[in-house]
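Asks: Got a structure for you, written out below as structure tokens; questions coming shortly.
What follows draws every value from the coordinates through simple rules; no lab data is involved. Source: prediction; values computed, not measured. Because the Cβ atoms are built from the backbone with ideal geometry, glycine has one as well, and the counts that use them run over all protein chains shown.
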Amino acid sequence: MVVLEIRNITKTFQTEKSKIPVLDNVTFSVDKDEFVCLVGPSGCGKSTLLRIISGLEKPDSGEILFHGQPHNSPNPKITMIFQLFGLLPWKTAEENVEVPLEVLGVKEISRKEIAISHLRMVGLEAFQNTYPHDLSGGMKQRVGIARALALQPEVLLMDEPFSSLDELTAKTLRNLVLEIWHDPSLPTNTFIMVSHNVEEAVYMADRVIVMSPRPGRVVGEVRVDLPRPRTQYLRDQKYFQRVDEVVSILEKNKVAIEAAS
Amino acid sequence: MELSAILLLFTSMAWAIFFGVVGAIKGIPTNITESAKSFGLTGSRYTRHVVLPAIVPALISGATLAWCDGWFFMIAAEYVVYQGSTYSVPGLGSYLAEAAYVYQDLNLSIVLLVLITAIVLFINFLTWHRLMERTSAGTYKPAIRIGLSGIGHLGEAAPRMLHLGDRIHTPKSLILASKWLKRYTRQEKIVAFAVCLVAIFFITFFLVGQMPSLEAFRQAFADPEFAQLPVYIGLTMGRLAVAYIISLGIALGMGVLAAEHKKFAAIFYPIYDIGQAVPILALFPVFFVAFSRVFGGAFGLELTAILVLVLDMIWYMFLNVVSAVKSIPSEMKEVGQLFGLKGLKRITHLVIPAILPAIVTGSLLSWGTGWNTIIFAEYMPYETQLTQGQPLTLPGLGSYLDRTGYLPPPKGNPIRLLFLLGVIAAIVLLMEGLVWKRLLRKFEKYQVEV
């Protein structure tokens, strides 16, 4: 069942002196329970696309359909995890999780309970009264995940969520995210992640969508049919084949763009 | 008289340049000093290729600050009533003072005030603005960064300038704060303290002519008014606090609106530019003449004092609020947007906490400049019809200091003058240590990491 349809999205940024086309006619759809990764070179507009899907940015043309209905402003059913965590430094871990609930009008007692249970889910129950300043990068991203999940969204968008973490922490958090995605008791089962790390994308996704250099277009997609959990396949030839497929699409488009310019 | 006017202007101007240059030298990034060393740039070559380019922007911004400080002191320097006699040197400052105090001609005062403001704006526009534009390109970040960007038509001429435009990405207010609070090591502070001590010794020596005897000390504090000192401190602090609260409220509203909405920016930036260019002390006689006609001498002076303080204190706060709101990282704003923080919730959950450190540094600077101004704002020494031939004063530390400085003995007394200056310095230092530094430390964890 299709949850999200991204249809003919085009976006141009206007600067003082020139126009910069960022996205050019991007179209794809995402099914329920699917984990999709968007990869592409820096500046190809993948983060902009994620912001358009979340409702934070408006496209110049094209539309986003959520369960067949147009979606063009932020909605608790589609929420996001940020690259730099996006925590409010003046609020404790628990208060950070509570803020969106307060906006939705959840009563104080309930939102406290919800916040604590979600912090427990990401292993941070002992740090509920700690300020972001005193948390490590990995812990901050766990708070970011708890805050997003507390809204019980259907779709979780992730903008390079592990790129500012060290590899060991990133590895642990990748597995935490996969556990959450796989958990049938949670309503959040459709994930879209932006990454520039091809191996990470192949490790996590059902499908990797490859974008061209700016202006970003969809230039290919690779289905990853490796069984899960994939930890045991990380040295497997099949895994490297998928990685190579993605890389070759990226390389081909890079060469084509360079030749054209 | 001419010499003392120049000396007063010099002392008020020199600091801005000195601190700007020291800050710029300290602000040269380690990677640049290290790479210079690794390529053998030492001695005069190092100075020519690294130090001089680094301090040029700071020199110019310091010079701009100094120039504006100079205008600020113009009236105080050109028109002095000392021990009952008026001393003046011909100039715009003394002409304005005479127009207001002697002739009490409101129209002439306003015309002169507008003329002075226009001259300040014009000179800023012709000189500093162009110099800054030429030097700010291609330099690495000095401690006090001068930079220019579109702030409306007159924007680039703004004195006491920091980044206001859309290019702001780091809270400059915090750089200023660190200049005041963090940059200097213990040794440097000891050196500064020693220099101050020597300066105080020489001032005392010149004022008293010799080191004071015990009897001189006894006489200095025999003034019956001296017992009122705690009350005076309270009244002056109260005046400053009222002006501070008004400035904070207005600057917060104006700053947040200007930073977030272009149409408000188009209105407020030119107001800021002109407001900054008006020499505050020149406003004093004009306001006094206007207010005293409506409200009478004493209340008129009270209103004038508070209004002059507000107009003096508000700009640092406005500047800090604007640059802090503009420096809220885009990701943080997106979080607010994504989770539906709007209107008042957005202001209380996102904007105000994000700019709290900048409000503290703005407060520190505002109070600093407020103390500077209160010394002139509580005392109307010019004997006019309006004041029934008597100097008009507001009870307070500022006016007491003025009378101690300007009136003939026994009211005037150099030892008591130094003591009162020490009291002001102690209050400023105490407030910095007990209030602002503590608040800054508390809000340190509010800094958004990017």
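Asks: Which pairs in the list A:140/B:326; B:263/B:326; A:46/B:345 are over 19 Å apart, alpha-carbon to alpha-carbon?
Replies: Table pairs above 19 Å Cα-Cα are A:140/B:326; A:46/B:345.
Asks: Among the listed pairs B:26/B:333; A:91/B:442; A:58/A:91; B:26/B:437, which are separated by more than 25 Å between their Cα atoms?
Replies: Listed pairs above 25 Å: B:26/B:333; A:58/A:91.
Asks: Count charges around residue B:40 for me, please; just the other residues with Cβ under 15 Å from its Cβ, Lys/Arg as +1, Asp/Glu as -1.
Replies: After counting each charged neighbour, the total is +2.
Asks: Can you pull the mean other chain C-beta count within 10 Å for peptide A:48-57?
Replies: Going residue by residue through A:48-57 and averaging, the value is 2.
Asks: For residue B:445, which aspartates and glutamates qualify as cross-link partners when the Cα separation must be under 12 Å and same-chain residues fewer than eight apart are set aside?
Replies: Leaving aside aspartates and glutamates fewer than 8 places away in the same chain, those within reach of residue B:445 are A:134.
Asks: Rg (Å, one decimal) plus Dmax (Å, integer) for the alpha carbons of the range B:219-353?
Replies: Answer for the range B:219-353, Rg first and Dmax second: 20.1, 70 Å.
Asks: Students often forget the sequence filter, so: which aspartates and glutamates lie under 20 Å Cα-Cα from residue B:342 once same-chain residues fewer than 8 apart are removed?
Replies: Those aspartates and glutamates meeting the cut-off are A:57, A:95, A:98, A:102, A:108, B:260, B:331, B:334.
Asks: Counting only other chains, what is the mean number of Cβ atoms within 10 angstrom of the Cβ of each residue in peptide B:326-335?
Replies: Partner-chain Cβ atoms within 10 Å, mean over residues of B:326-335: 4.
Asks: Now, a different point. Can you give the mean number of other chain Cβ atoms that lie within 10 Å of the Cβ atoms in peptide A:80-90?
Replies: Across A:80-90, the average partner-chain Cβ count within 10 Å equals 6.
Asks: For the range B:86-126, just say rounded, prolate or oblate: build the C-alpha gyration tensor, square-root its eigenvalues into a ≥ b ≥ c, call rounded for a/c under 1.5, and beyond that prolate if a/b exceeds b/c, oblate if not.
Replies: Oblate, since a/c reaches 1.5 and b/c is not below a/b.
Asks: Please report, largest first and rounded to whole Å, the three semi-axes of the ellipsoid equivalent to chain A, where each semi-axis is the square root of five times an eigenvalue of the C-alpha gyration tensor.
Replies: Semi-axes, largest first: 31, 22, 17 Å.
Asks: So if the hydrodynamic radius of the range B:264-343 is defined as the Kirkwood radius over C-alpha pairs, what does Stokes-Einstein give as its diffusion coefficient at 20 °C and 1.002 mPa s, in µm² per second?
Replies: For the chosen part, D equals 139 µm²/s.
Asks: Follow-up question, since we're still on this one. Based on the mean of other Cβ atoms within 10 Å per residue, sort peptides A:122-129, B:319-326 so the most packed one is first.
Replies: Order by mean packing, descending: B:319-326, A:122-129.
Asks: Shifting gears a bit: With a/c under 1.5 counting as rounded, go ahead and sort the range B:323-371 into rounded, prolate or oblate using the C-alpha gyration tensor (a ≥ b ≥ c being the square roots of the eigenvalues; past the cut-off, prolate if a/b is larger than b/c, else oblate).
Replies: It is prolate, given that a/c is not under 1.5 and a/b is the larger ratio.
Asks: I'd like to verify something in chain A: which complete DSSP H helices, judged by Cα projection on the helix axis, reach 15 Å or more and average at least -0.5 on the Kyte-Doolittle scale?
Replies: A:93-103, A:108-121, A:137-150, A:167-182, A:237-260
Asks: May I pose another question? Determine ³J(HN,Hα), in whole Hz, for all residues of the range B:324-336 in sequence, where each value follows from phi through the Karplus function 6.51 cos²θ - 1.76 cosθ + 1.60 and θ = phi - 60°; x replaces Gly and Pro.
Replies: 6, 5, 5, 8, 4, x, 4, 4, 5, 5, 5, 4, x
Asks: What does the charge count around residue A:72 come to, taking other residues whose C-beta lies under 15 Å from its C-beta (Lys +1, Arg +1, Asp -1, Glu -1)?
Replies: Neighbour charge sum, excluding residue A:72 itself: +1.
Asks: Once the convex hull of the C-alpha atoms of the range A:88-152 is built, how many Å³ does it hold per residue, rounded to a whole number?
Replies: In the range A:88-152, the Cα convex hull volume per residue is 70 Å³.
Asks: With a Förster radius of 30 Å, plug the Cβ-Cβ distance of residue B:429 and residue B:87 into 1/(1 + (r/R0)^6) and report the FRET value to the nearest 0.05.
Replies: Rounded to the nearest 0.05, the efficiency is 0.40.
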